[in-house]
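Laboratory data are not the source of any read-out in this text; all were calculated from the coordinates shown. Just so we're clear, the structure is a prediction, and the values are computed from it rather than from any experiment. So basically every Cβ, Gly included, is an ideal-geometry build from the backbone, and we count neighbours across all protein chains shown.
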Amino acid sequence: MLVVDQYEGRVFDDYDEAGAHAERVGFPALMAAAVDAVAGLPDGFVAAGFSNGAGMAEYVATRRRCAGLLLFSGALPLDLLGDLPWPTGLRAQLHHTVDDPFRRQEWIDRVVADAARAGGHVEAHDYDGSGHLFTDPSLPGEYDAGAAELLWQRALGFVDGL
C-alpha cells in the first residue's frame, strides 16, 4: 500500500484553509505529484482518494493502467481534469453522504456517464448524514461509525472482486 502525501506533511483543521492551500499549490502541480508518487508501482493497482484526493486518484487512473478506482467523498468530471477520457472498462466505486456540503450530484452523474461511455461501471453509494470525511473517527462532528463500517465492507469487497 502507498499513501500519497499531497500536502507534504501539512494537515488542516479547517476545510477552507485546506482548500486555499490546494489552490495556492495549484491543481496541475497536485495532479503531477500524484502521478509522480505512483511511478514506481506496477500497473494494475487500485487508485483511491478521499475528498480532493479522489480527484487526484481519478487523474492517476487516466494516466496509469489501474485495476479499479475508489472515490471517497469526492468525484470530478473528467473535463475538470483536462478533458481526459475515462479508461476503457475501468470499474469504480463512489462513496458520499447524502448531505455532504461538498457533494455535487451533477459531478457524480457526469463521472458515472463518462465511465459508462467507456465500458466501465461505477457503483455510487450514498450514506445518510452530512459528514464530508465521515469515516474519520478524529472528526466527531462528521464521523458515522455505522456508515464507515458499511463503506469499508463495500470497498474491500470491490477490491477483492477485481
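Charge tally for ARG110 (other residues, Cβ to Cβ under 10 Å; Lys, Arg +1; Asp, Glu -1): -3. Take every pair of alpha-carbon atoms less than 8 Å apart whose residues are at least six positions apart; their mean separation over the length of the stretch 38-131 yields a relative contact order of 25 percent. A dipole drawn for the chain from +1 and -1 charges on Cβ atoms has a positive end, and of ASN52, PRO87, GLY146 the residue lying farthest that way is PRO87.
Distance from the C-alpha centroid of the stretch 125-147 to that of the stretch 1-48: 22 Å, rounded to the whole angstrom. In angstrom, the C-alpha Rg and Dmax of the chain are 14.9, 39. Residues TRP86, TRP152 in ascending order of nearby Cβ atoms (within 10 Å, fewest first): TRP152, TRP86. Counting 0.36 nm for each residue step from GLU123 to ARG10 and taking away their Cα separation leaves a gain of 37.5 nm. Proximity of backbone amide H atoms, modeled 1.01 Å from N, is registered between ARG64 and no other residue at under 5 Å, excluding neighbours fewer than 5 places apart on the same chain. In the chain, the DSSP beta bridges split such that about 0 percent are antiparallel, to the nearest 5. Counting neighbouring Cβ atoms within 10 Å and putting the fewest first, the residues MET31, MET1 line up as MET1, MET31. Available extension along the chain between ARG104 and SER138 is 9.8 nm, counting 0.36 nm per residue and deducting the alpha carbon span. When each of the peptides 15-21, 109-115 is scored by the mean number of other C-beta atoms lying within 10 Å of its residues, the order from highest to lowest reads 109-115, 15-21.
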